[in-house]
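Visitor: Sending over a structure as structure tokens; questions will come in a sec.
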Amino acid sequence: MRFYSVRFGCLLVFACLVSVTWIKSIPRDGVSAGSTRLSDLQVLYDRLLVAEELGGQVSRDLSNILEQLRNMSKSANITYPTNNSSTTISTETIRQLAGDPGQRVFLQPNIYLYMPHLRQHPDSLIPNVVIGQGRHGVSMVLGIPTVKRDKQNYLVGTLSSLLYSLTSSQRQDLLIIVFVAEVDSDYVGSIAQTVRKNFPKEVQSGLLEVISPSQYYYPDFTSLRETFGDSKDRVKWRTKQNLDFSFLMLYAQDKGTYYVQLEDDVVAKAGYYNDMKTFATQESSKPWLYLEFSQLGFIGKMFRTRDLPMIAEFFLMFHRDKPIDWLLDHILWVKVCNPEKDAKHCNEQKALLKQRYKPSLFQHVGLHSSLPGKLQHLKDKDFGKQTLYHGHNNPAAELSSSLKHYQQHSLERAYKGEDFFWALTPVRGDYILLSFPQPVHISGYLFRSGNIETIGDKFYNTTVEVLPSNASTRDKQVTGLSSHHKASDKGFIIIGAFENGVAEGEIEEALQPISALRLVVHSDADVWALLSEVLIKV
């Protein structure tokens with residue numbers, strides 16, 4: 001294309017020069033001399049016709065090439081609906097791969113400038129979705145990057161903490177993405193297996209996803225410059241963290257309304273979901289870039305998902321230069337700070353783009369950092385004390401149990417809402433019995449085991465059973481039980497069981513009124529058992 005453009009231009013210039021030369025060469029007082037130039041003019045005219053024809057061909061070639069470029073541009077961009085209107089993605093393009101709608105590749109046109117090695121592998125931006133049901137359209141997305149640690153892995157505890165206090169409706173309106181920031185497929189598989197084993201219900205429902213990057217995503221870290229007095233290992237660690245957070249943000253940006261950046265070694269305060277959503281709603285009219293639910297580093301930073309492409313591109317642009325929390329602060333500086341004014345004015349303006357929620361909803365608990373050899377003693381002083389139990393006003397009942405409680409954590413105190421019940425290791429046949437002085441109409445129940453500090457001390461393989469007060473009702477139910485009810489001994493009927501530490505349900509009218517309710521353990525446990533919440537709905 002460039003060759004033809006130059007050639008056509010040269011011909012036009014040549015034609016003009018010849019014309020000027022011819023005109024200047026005509027004698028002003030000689031007609032015969034002018035006649036002798038007519039043949040030269042005819043030759044020039046013929047040449048101009050040829051040049052014009054060639055120019056038309058070049059123009060058509062250019063039009064074809066431009067049309068091809070337009071088509072290529074359209075294929076690299078898609079239009080998708082947002083809450084307000086239809087918007088064409090420019091900095092962030094997501095295309096479905098032909099033949100496999102489960103795989104996506106996010107492509108920022110500028111990403112190849114910041115990470116040129118990606119050009120060598122077209123599939124280097126395809127996320128490896130190890131676990132996922134494609135959930136999207138939720139209110140909140142939690143992003144948790146995790147890496148291989150030398151000493152201890154905190155991921156299961158972190159996920160248990162996040163899932164502990166969620167209601168059924170909250171579980172449907174949330175997505176938790178675990179990004180295994182490693183290219184070792186065996187390690188990625190082991191993390192996925194751990195998540196499946198510990199949280200099968202959450203995996204099946206799509207609440208939990210596990211993803212990892214392509215083996216070609218990361219660049220060669222050996223050429224990094226050591227800056228700010230950091231060692232080569234630390235520079236590599238912080239650079240990789242920038243790339244990890246960017247990858248996770250780009251993956252999550254079309255999944256929900258808000259995105260929250262977490263780490264794999266935190267605990268969440270009970271009720272965090274409702275607190276965060278309420279605060280975000282209250283602050284929705286303000287021009288914030290992010291909300292802070294912890295004062296430590298990048299933990300608990302909430303962003304609007306529509307801002308993630310810009311934020312991720314900024315991180316990618318300077319991923320080799322500074323730590324990610326510094327880069328986040330630089331975004332604020334670029335947006336609102338006036339170089340002609342002092343630091344005080346800059347800080348005041350930056351404060352408008354970040355809103356702090358107190359008390360903190362997330363606490364850092366990991367001692368061993370993801371940077372090998374580093375101990376992390378950071379604690380958020382605004383986190384406060386955790387709520388270890390939830391009390392309720394339950395109906396009067398006579399309590400008994402074969403389980404031996406630890407210290408003052410008795411069943412009676414838990415039932416009254418004054419403490420949690422903490423029992424030594426249950427064995428098969430152990431029980432908790434609530435006998436009501438008078439038959440009671442019970443609409444529903446909730447038993448929550450474990451708490452935020454002892455998440456593993458749960459009831460496993462334990463059923464919830466009721467004793468209808470009317471003997472004829474018991475006999476009738478035993479002979480005509482519905483598919484979700486089974487008969488137990490002594491007239492009791494099984495109506496539910498613990499799943500992931502929680503037993504919750506309603507009691508149908510045909511079983512009313514109720515004389516007693518009990519929990520029965522059907523296998524030996526490996527750990528102690530703790531009841532942090534007992535609710536009998538009347």
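Visitor: Show the residue pairs meeting these rules: Cβ distance below 6 Å; 6+ apart or different chains; first residue within segment 416-434 and open to solvent by less than 50 Å² (accessible area, probe 1.4 Å) and assigned to a loop (DSSP other than H, G, I, E, B); second residue β-branched (Val, Ile, Thr) and modelled with pLDDT of 95 or more.
Guide: Between residues of segment 416-434 that are open to solvent by less than 50 Å² (accessible area, probe 1.4 Å) and assigned to a loop (DSSP other than H, G, I, E, B) and residues that are β-branched (Val, Ile, Thr) and modelled with pLDDT of 95 or more, the close pairs are 426/521; 430/521.
Visitor: Taking segment 319-336 as the region of interest, how many residues are in contact with a Leu (Cβ under 6 Å, 6 or more places away or on another chain) and either of a type in the set (A, V, I, L, M) or at pLDDT 95 or above (or both)?
Guide: 1
Visitor: Looking only at residues that are at pLDDT below 95 and open to solvent by 10 Å² or more (accessible area, probe 1.4 Å) in segment 254-273, which one is nearest to residue 159 (Cα to Cα)?
Guide: So the residue we want is 267.
Visitor: Which residues, taken from segment 441-456, are within 8 Å of residue 532 (Cβ to Cβ) and not in a loop (DSSP other than H, G, I, E, B)?
Guide: Taking segment 441-456 as the starting set, the residues that turn out to be within 8 Å of residue 532 (Cβ to Cβ) are 448-451.
448, 449, listed by residue number.
Visitor: Okay, moving on. Can you pull out the residues in segment 486-538 that are open to solvent by 40 Å² or more (accessible area, probe 1.4 Å), part of a strand (DSSP E or B) and either β-branched (Val, Ile, Thr) or touching a Leu at 6+ places or on another chain (Cβ under 9 Å) (or both)?
Guide: 487, 504, 537, listed by residue number.
Visitor: Separate question: Among the residues of segment 157-201, how many are among the β-branched types (Val, Ile, Thr), open to solvent by less than 30 Å² (accessible area, probe 1.4 Å) and either part of a helix (DSSP H, G or I) or under 24 Å from residue 503 (Cβ atoms) (or both)?
Guide: 5
Visitor: What's the total number of residues in segment 383-415 that are part of a strand (DSSP E or B) and farther than 18 Å from residue 452 by Cα?
Guide: Let us first name the residues in segment 383-415 that are part of a strand (DSSP E or B), namely 390, 398-401, 405.
If we keep only those that are farther than 18 Å from residue 452 by Cα too, we end up with 398-401, 405.
Residues flagged as part of a strand (DSSP E or B) and farther than 18 Å from residue 452 by Cα within segment 383-415 amount to 5.
Visitor: Sticking with this one: Among the residues of segment 298-328, write down those that are part of a loop (DSSP other than H, G, I, E, B) and closer than 20 Å to residue 362 by Cβ. Even if it seems obvious, please write down each step before you answer.
Guide: Initial filter on segment 298-328 (part of a loop (DSSP other than H, G, I, E, B)): 298-300, 318-323.
Within segment 298-328, 298, 299, 300, 323 qualify.
Visitor: Name the pairs: first residue in segment 384-399 and open to solvent by less than 50 Å² (accessible area, probe 1.4 Å), second residue charged (D, E, K, R), Cβ to Cβ under 6 Å, at least 6 apart or on different chains?
Guide: Qualifying pairs under 6 Å: 399/412.
Visitor: Residues 305, 281: which one is at negative phi, among the polar types (S, T, N, Q) and open to solvent by 20 Å² or more (accessible area, probe 1.4 Å)? Reasoning before the result, please.
Guide: Numbers: 305 fails: open to solvent by 20 Å² or more (accessible area, probe 1.4 Å).
Being at negative phi, among the polar types (S, T, N, Q) and open to solvent by 20 Å² or more (accessible area, probe 1.4 Å) holds for just one of 305, 281, which is 281.
Visitor: Could you check segment 137-156 and list, in sequence order, the residues that are at pLDDT 90 or above, part of a loop (DSSP other than H, G, I, E, B) and either over 21 Å from residue 217 (Cβ atoms) or open to solvent by less than 10 Å² (accessible area, probe 1.4 Å) (or both)?
Guide: 137
Visitor: Just to be sure, is residue 277 out of contact with any Leu (no Cβ under 6 Å at 6 or more places or on another chain) and under 27 Å from residue 386 (Cα atoms)? Spell out how you get there, then give the answer.
Guide: Values: out of contact with any Leu (no Cβ under 6 Å at 6 or more places or on another chain): yes; under 27 Å from residue 386 (Cα atoms): yes.
It is true that residue 277 is out of contact with any Leu (no Cβ under 6 Å at 6 or more places or on another chain) and under 27 Å from residue 386 (Cα atoms).
The values are calculated or read from the model by the stated rules, or taken from the named source; none is laboratory data. Keep in mind that this is a model prediction, so the values were computed, not measured. Positions of Cβ are backbone-derived with ideal geometry, glycine not excepted, and every protein chain shown enters the neighbour counts. Accessible surface areas use protein heavy atoms only, side chains included; no ligands, DNA or RNA. Shrake-Rupley method; radii C 1.70, N 1.55, O 1.52, S 1.80 Å.
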